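The values are calculated or read from the model by the stated rules, or taken from the named source; none is laboratory data. Note that this is a predicted model, so its numbers are computed, not measured. Because the Cβ atoms are built from the backbone with ideal geometry, glycine has one as well, and the counts that use them run over all protein chains shown.
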Amino acid sequence: MLFVKWKRSERLVDMTRHLLENPHSLIPLTYFSERYLAAKSSISEDLSIVKETFEVNGTGKLVTVSGAAGGVKYIPRVTESEVREVMAVIKESLGRSDRLLPGGYLYMTDFLGNPKIMDRIGKVFASAFGDMEIDVIMTVATKGISIAHAIARHLNVPVVIVRRDSKVTEGSTVSINYVSGSTRRIQTMLLSKRSMKSGQRVLITDDFMKAGGTMAGMKNLLEEFDCELAGIAVLVEAEHTEEVLVDDYLSLVKLRAMNEKDRTIELEEGNYFKKGGNEG
């Protein structure tokens, strides 16, 4: 088998692709050295170029871990201007009057199904929680699933989905009752016993939050699995007319008001920056 050494330009392109496709993964220098048939000193120089480019462009940062088990790890990052641009896209799209549904609901299904904007939203949240130890992303079926997977893609962790009814494909489950924050009704949520391991740190996410009843329910469910809450990420939060049942959450957009008669929707930026979501 004939092995051909890569040119530096080829190495840089392929190395960048590999890092972007494997965020939060520790990659040994020997992997790149063997892949490109290059000395570790040359690989280190290449990584320095990639590191500087990432930092200048706001793509993210490269963290170097020394020692025999060391290597390099790519941590996704977004700039403040990128976050505000994503917020503007959300407000523009969800602020259209044709999204108003009877009963004061907001139609979001098509927006949540847009892979490009979901990927950008995922990176924004992943940037906010990138320096924290997170093992799992949790959400409730069904509308939060696309957001959960988008965040998980950039944090390189699995997703677990809480359901409201039992399915035979889930096997044995753990269920809890919780009080809906908006309707004040008793509801049930359940999760497969195989979904998580004791001691894992979990990031909870959902597409919309009113009073936080669903979030509080998922938080209580974590206790049943002896897991720890790492954070809460919300795409859209409603204007709170009552006490919110959770705190320390990040939101990208806030729904201030909806008027069915005038067909108007008032949106503003969420608390992302107020809570330090763009630090680091």
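Looking at G144, G104, just one residue is on the phi > 0 side of the Ramachandran plot and in contact with a strand residue (DSSP E or B) (Cβ under 7 Å, 6 or more places away or on another chain), and that residue is G104. S146: part of a helix (DSSP H, G or I) and surrounded by 15 or more Cβ atoms within 10 Å (Cβ to Cβ), yes or no? It is true that S146 is part of a helix (DSSP H, G or I) and surrounded by 15 or more Cβ atoms within 10 Å (Cβ to Cβ). In the stretch 15-42, of all residues being of a type in the set (A, V, I, L, M) and touching a residue at least 24 places away in the same chain (Cβ under 8 Å), the one that is nearest to V4 (Cα to Cα) corresponds to L37. Filter the stretch 204-243 for residues that are hydroxyl-bearing (S, T, Y) and modelled with pLDDT under 95; which is nearest to the chain's Cα centre (by Cα)? Among those residues, the one meeting the criterion is T214.
Could you please let me know if E242 is surrounded by fewer than 20 Cβ atoms within 10 Å (Cβ to Cβ) and within 26 Å of P102 (Cα to Cα)? Here the answer is yes, as E242 does meet what is asked. One residue stands out among those in the stretch 160-187 that are at pLDDT 90 or above and touching a helix residue (DSSP H, G or I) at 6+ places or on another chain (Cβ under 9 Å): the one that is surrounded by the most Cβ atoms within 10 Å (Cβ to Cβ), which is V162. The number of residues in the stretch 76-98 that are in contact with an Asp or Glu (Cβ under 9 Å, 6 or more places away or on another chain) and over 18 Å from Y272 (Cβ atoms) comes to 1.
Taken across the stretch 244-259, residues that are within 22 Å of the chain's Cα centre (by Cα), among the polar types (S, T, N, Q), assigned by TED's automatic domain parsing to the domain that holds I137 and closer than 30 Å to E170 by Cα do not occur at all. Within the stretch 245-262, the set of residues being touching a Lys or Arg at 6+ places or on another chain (Cβ under 7 Å) and either surrounded by fewer than 11 Cβ atoms within 10 Å (Cβ to Cβ) or not in a loop (DSSP other than H, G, I, E, B) (or both) comprises L250, V253.
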